[in-house]
Every structure is written in structure tokens, then in C-alpha cells.
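First the structure, in the form of C-alpha cells, and then the observations on it.
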Amino acid sequence: MKYAILSDIHANPLAFKNALYDAREQGADKIICLGDITGYGYGALASYELAVGKCDVWLMGNHDAACAGILPVQEVICNPNYKVDCIARDELGMDRLEHIAALPYTHEESSFVCAHGAFSAPYSFAYIACERDAMIDFSYSSARLVFIGHTHKQETWCLTGSGRILRTEAAFLCLQPGLRYIVNVGSVGYPRRDPFSSYAIYDDVAETIEIRRLPFDFRHYLDSFAGLPFQPPAWLLSGDTDSPEY
């Protein structure tokens, strides 16, 4: 069976639609969204409808939780994205917000588990950003394979039989016996390293993971932020939009 694992759409329906189309072209049998349909961009409603219509599983992300009012206001009101959350709430309406508020935080398949952020702390949306974070997650679950998003950075943490943790940004992985993996699938809607969406195709028969990378009009998406005080990604500030880092 082939799974498409997507995350961090961030109200970017054009990039979302492009990734969903590509996933079907790759023969994905099941599409799993790891959360953050909302946040940053102003296409929350269109992104919501795509998630409901096209995704077999949709998990709670931290921006979804903020938009749905699950996180206390004092925790998010200082975030520059709070203005977008308020606009998205009005656009989505009560019924859709109630649906978002009921989203699960984790999901389990026969060969993997997944969450928006660290699987060890799904309700607090902890990050896995270093070896120590990865080790905590490995120690929390016995799962051989974990899929996450949240950092917008495609990377894989691998735990060897000797207890060593290896990190790779390889675009294609063949799972090896005796090893365990935490795979960050990156971001579909708001990549932070180059102007390419990323998501994963996992084939549980071949035991392979392919990171798919798709271009989209990132500058147009940033323009939709309407002057909110976000710091643009480093690659955009450098003007190097043709030479991605990996």
C-alpha cells in the first residue's frame, strides 16, 4: 500500500491541490495530513474543503488548534499570525471550527504512527530539532517508523541498533532491518528552505520512502500575508530561488 503523508499546508490551497494531484499520480492509496491546514495564509476555507474532500486522515496541528480556539488566547495573541487566525475563524464558521476542534492528535497504521509534532508530546506540539529530541521520541514509542511535520524541514532521524542517532536529508530511503526512523515530511504550503513543497510517499510493501518536492509560486503566497510582520525565509532574502539546498 502507498501512503501520501503531507503536513503544514498553512492555508495555501494552490500548493495543497498540487501536492494532492501529485500524490494520486504517484499511486497513493491513502492520504494522511499531519495538520496545520490553517495559519499564515489566507486560504483557510479552500484548504479546509480540500482536506475534508481528499484526505483520509487529518490530524490536529498547532495552528489548527489556535484557529479552533483550543489553545488559550494568552498563548497565541502575541503571535503575528493571530490576526490570520481570527480572520480564518470568521471565514470557516462554527460548524467547521467544531470539526477542527475534534481532530485527532495522533494516528496509527499497521507499519507506522504519526503526529503533527513530536509523537511523545502530541498535545503540546513539541519540536524534534536535534538528536536529544529524537532520542526522547524514540524512547517514548516502540514504533519502527514515525512520520511528523511541524518544523517545515524535511529530514530523517535514524536510530541504529547500537543506540546511535543519524540524521539525513536524503530524498529516497530504503528502510533497513533493525533500524528505526522518524521522518519529517516538511511543508506543503510554507517551506522554509527553498521554494518547493515537500511531502512523503511511503510504500509499505517495498519499504521505501520518497520525498516528493514540487515547485509553486512562493512569492505570490507571501504577498497574501498582507503586511504581517513575518521574517521571510533565508533563501528568499538571498534571491536564490533556483538552487534549493537539497
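Please treat every number below as a calculation from the coordinates, not as lab data. No experiment lies behind these values; they were computed from the predicted model shown. Backbone-built Cβ (ideal geometry, glycine too); neighbour counts: all protein chains shown.
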So, with +1 on the Cβ of K and R and -1 on the Cβ of D and E, and no other charges, what is the size of the charge dipole of the chain about its Cα centre, to the nearest 20 debye? 300 debye
ARG192 versus ALA206, label points 7 Å from Cα toward the beta carbon: distance in nm? 3.1 nm
Go through segment 200-215 residue by residue and turn each phi into a ³J(HN,Hα) via Karplus (6.51, -1.76, 1.60, θ = phi - 60°); whole Hz please, and just put x for glycine and proline. 10, 10, 10, 9, 7, 8, 6, 6, 10, 10, 10, 8, 8, 10, 10, x
Using alpha carbon centroids, what distance separates segment 23-72 and segment 151-191, in Å? 22 Å
Measure nothing fancy, just the Cα-based angle from helix 13-25's long axis to the longest principal axis of the chain, in degrees from 0 to 90, nearest 10. 30 degrees
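Rg(Cα) of segment 78-172 divided by 2.2 N^0.38 Å?
Details: Rg = 16.4 Å, N = 95, 2.2 N^0.38 = 12.4 Å.
Ratio of Cα Rg to 2.2 N^0.38 Å: 1.32.
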In nm, to one decimal, how far is the modelled label at GLN176 from the one at ILE70, with both set 7 Å along Cα→Cβ? 3.7 nm
Provide the FRET efficiency to the nearest 0.05 for the ARG219-LEU166 pair, computing r from the beta carbons and using R0 = 30 Å. 0.30
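Would you mind counting up the charge near SER187? Only other residues with Cβ under 9 Å from its Cβ, with Lys and Arg at +1 and Asp and Glu at -1. Before the final figure, lay out each step's value.
Numbers: positive: LYS153, ARG192; negative: ASP8, ASP36.
Within the 9 Å Cβ shell, the charges total 0.
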Angle check, please: helix 44-54 long axis (alpha carbons) against the longest principal axis of the chain (alpha carbons), in degrees 0 to 90, nearest 10. 40 degrees
Could you pull out which residues in segment 55-72 have an amide N less than 19 Å from a spot 7 Å beyond the Cα of CYS86, following the Cα-Cβ vector? 63-72
Report, in degrees rounded to the nearest 10, the 0 to 90 angle that the Cα long axis of helix 82-101 makes with the longest principal axis of the chain. 70 degrees
Divide, for the chain, the radius of gyration over alpha carbons by 2.2 N^0.38 Å, where N is the residue count. 0.96
